[in-house]
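A.B. asks: I'd like to ask you about the structure that follows.
The values are calculated or read from the model by the stated rules, or taken from the named source; none is laboratory data. This one's a predicted model, so the numbers in the text were calculated from it and none came from an experiment. Cβ sites come from the backbone with ideal geometry, for glycine too, and all protein chains shown count toward neighbours.
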Amino acid sequence: MKVAVIGASGYVGAELISLLGKHDKISLEYLLISENSSSANMTFSQLHPRYLGVCDLPLVCFSQSWFDQTVHQLDAVFFATPHEFSADWAQAFVEKGVKVFDLSGGFRLKNSADYPVYYGFEHKHLSALAQAKYGLAEWQQEDIVNTQLVAVPGCYPTASLLSLKPITTNNYHIENSLIVVNGISGVSGAGRKASLATSFYEVSLTPYNILQHRHQPEISQEAGAQVIFNPHLAPYKRGLMTTVTLQIKAGVTAKQINSAFVDAYQEQALVRLTGAWPKIDHVANTPFADLHWQVDEEKQVVVVSCAIDNLLKGAASQAVQCVNISLGLPSEYSLLKSAVDSSTMGNC
């Protein structure tokens, strides 16, 4: 599969390029940046020196002329871009027969009216939005195979939905009851651009965007239940954890909840059901999601915690899972090796 990555200069783009470069079924052809990027005329390894001598592909400015001249060479394209950019350009690739894996939020919400509210723009490409399928790799394999436009989930929603869906898909929760998702993430979730708000000297553990975060409707939509989402920023680089608290129906037992999680994930190589509450250090720089839960039958409450790397399972490695599924490969293909050996890239 011949692919391009648009948005190669950011943290997620760099992680994605690293993973794709190690994948023996993928040929990484082009790395794209915006026309006015300060990284123009650089190579990938100049921008990200850890890849010097490993991936020295040039960073090419995206333009209409580049698209016209090059799109016929590609099988797939990955967007690691601002949301509105992917919303504007995805359909153009799809119309040329190129499969799109969008790591932005440009196609995650099904209701077009939500985009001005949560993303600040009017979605102009409603036919593409209708075609797009959500790509939570452990739950939506058939959708991923049968669409040309995959909306790769956000980082907070990935951890939240892996926690919620074994319960909500079995209808063990009390409908219309309060479901609270508390999340915490490192500063890499805010992107690579310098900002006083994400400076280590300025950052302290703090909640933000309470009751208005753009991931709230995404979590609610895919869980099939309304949630309250409380995100927090913490002064460390990478890694994310969510803790979900919800009420279960009278008579639902701990054994049923345990079985729901085991049935959902026992065949999923990248979801680890841990015997203790997860730690971010155990998943940072890996494609794994670590899950643990506890049931109080008397109070009819379940608490579930999930830890992931926000740049990997929350973005880049999940995108690779989606492309693996599209190719008929196990979703973890090439990723387990990458988790152990991050020192080489095979075909970049």
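A.B. asks: Quick check on my filter: what residues within the range 318-338 are surrounded by fewer than 18 Cβ atoms within 10 Å (Cβ to Cβ) and modelled with pLDDT under 95?
C.D. replies: L336, K337
A.B. asks: Return the pair list, or none, for Cβ contacts closer than 7 Å from residues in the range 28-52 that are farther than 18 Å from Y11 by Cβ to residues that are among the β-branched types (V, I, T) and surrounded by fewer than 20 Cβ atoms within 10 Å (Cβ to Cβ), at least 6 apart or on different chains.
C.D. replies: Close Cβ pairs satisfying both conditions: Y30/V60; Y30/T70.
A.B. asks: Which residues, counting only those in the range 1-17, are crowded, with 23+ Cβ neighbours inside 10 Å and either over 20 Å from the mean Cα position of the chain (by Cα) or under 15 Å from Y333 (Cα atoms) (or both)?
C.D. replies: Across the range 1-17, the qualifying residue is only L16.
Per-residue answers, yes or no, for (1) in contact with a Phe, Trp or Tyr (Cβ under 8 Å, 6 or more places away or on another chain); (2) of a type in the set (S, T, N, Q); (3) over 26 Å from L327 (Cα atoms):
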{"residue": "A87", "(1), (2), (3)": "yes, no, no"}
{"residue": "A92", "(1), (2), (3)": "yes, no, no"}
{"residue": "G97", "(1), (2), (3)": "no, no, no"}
{"residue": "P116", "(1), (2), (3)": "no, no, yes"}
{"residue": "L126", "(1), (2), (3)": "no, no, yes"}
{"residue": "T147", "(1), (2), (3)": "no, yes, no"}
{"residue": "T168", "(1), (2), (3)": "no, yes, yes"}
{"residue": "I174", "(1), (2), (3)": "no, no, yes"}
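A.B. asks: Still on this structure: Can you tell me which residues in the range 116-145 are assigned to a helix (DSSP H, G or I) and either aliphatic (A, V, I, L, M) or buried (at least 23 other Cβ atoms within 10 Å of the Cβ) (or both)?
C.D. replies: Once the filter is applied, which keeps residues that are assigned to a helix (DSSP H, G or I) and either aliphatic (A, V, I, L, M) or buried (at least 23 other Cβ atoms within 10 Å of the Cβ) (or both), the range 116-145 yields V117, L126, A128, L129, A130, I144, V145.
A.B. asks: Of the conditions (1) modelled with pLDDT under 95; (2) buried (at least 22 other Cβ atoms within 10 Å of the Cβ); (3) assigned to a loop (DSSP other than H, G, I, E, B), P287 fails just one. Which one is it?
C.D. replies: Result: P287 fails condition (1) only.
A.B. asks: Out of the residues in the range 222-234 meeting the condition of being surrounded by 19 or more Cβ atoms within 10 Å (Cβ to Cβ) and not small (G, A, S), tell me which one is nearest to L162 (Cα to Cα).
C.D. replies: E222
A.B. asks: While we're looking at this one, here's another question. Within the range 206-259, can you find the residues that are in a strand (DSSP E or B), touching a helix residue (DSSP H, G or I) at 6+ places or on another chain (Cβ under 9 Å) and β-branched (V, I, T)? Lay out the reasoning, then the answer.
C.D. replies: Narrowing the range 206-259 to residues in a strand (DSSP E or B): 206-207, 228-233, 240-248.
Add one more test, that the residue is touching a helix residue (DSSP H, G or I) at 6+ places or on another chain (Cβ under 9 Å), and what stays is 228-229, 231, 233, 240-244, 246, 248.
Correct list: I228, T242, T243, V244, I248.
A.B. asks: Considering only the range 244-269, state which residues are touching a strand residue (DSSP E or B) at 6+ places or on another chain (Cβ under 7 Å), closer than 22 Å to S220 by Cα and either hydrophobic (A, V, I, L, M, F, W, C) or buried (at least 21 other Cβ atoms within 10 Å of the Cβ) (or both).
C.D. replies: Selection gives V244, L246, I248, I257, F261.
A.B. asks: Follow-up question, since we're still on this one. Of the residues that sit in the range 146-177 and are assigned to a loop (DSSP other than H, G, I, E, B) and buried (at least 19 other Cβ atoms within 10 Å of the Cβ), which one is farthest from the chain's Cα centre (by Cα)?
C.D. replies: The qualifying residue farthest from the chain's Cα centre (by Cα) is Y172.
A.B. asks: Return yes or no: is G97 touching a His at 6+ places or on another chain (Cβ under 9 Å), surrounded by fewer than 21 Cβ atoms within 10 Å (Cβ to Cβ) and not charged (D, E, K, R)?
C.D. replies: Answer is yes for this residue.
A.B. asks: Evaluate the range 306-317: report whether one residue or more is over 16 Å from the mean Cα position of the chain (by Cα) and either modelled with pLDDT of 95 or more or among the aromatic types (F, W, Y) (or both).
C.D. replies: So far as the range 306-317 goes, no, none of its residues is over 16 Å from the mean Cα position of the chain (by Cα) and either modelled with pLDDT of 95 or more or among the aromatic types (F, W, Y) (or both).
A.B. asks: Then there's this: How about the range 93-115: which of its residues are outside any helix (DSSP H, G or I), over 18 Å from the mean Cα position of the chain (by Cα) and of a type outside the set (S, T, Y)?
C.D. replies: K96, G97, V98, N111, A113
A.B. asks: (1) modelled with pLDDT under 95; (2) out of contact with any Leu (no Cβ under 7 Å at 6 or more places or on another chain); (3) closer than 20 Å to C306 by Cβ: which one isn't true of F200, the others all being true?
C.D. replies: The failed condition is (3).
A.B. asks: In this structure, does A92 turn out to be under 23 Å from F107 (Cβ atoms) and in contact with a strand residue (DSSP E or B) (Cβ under 7 Å, 6 or more places away or on another chain)?
C.D. replies: So A92 fails the test.
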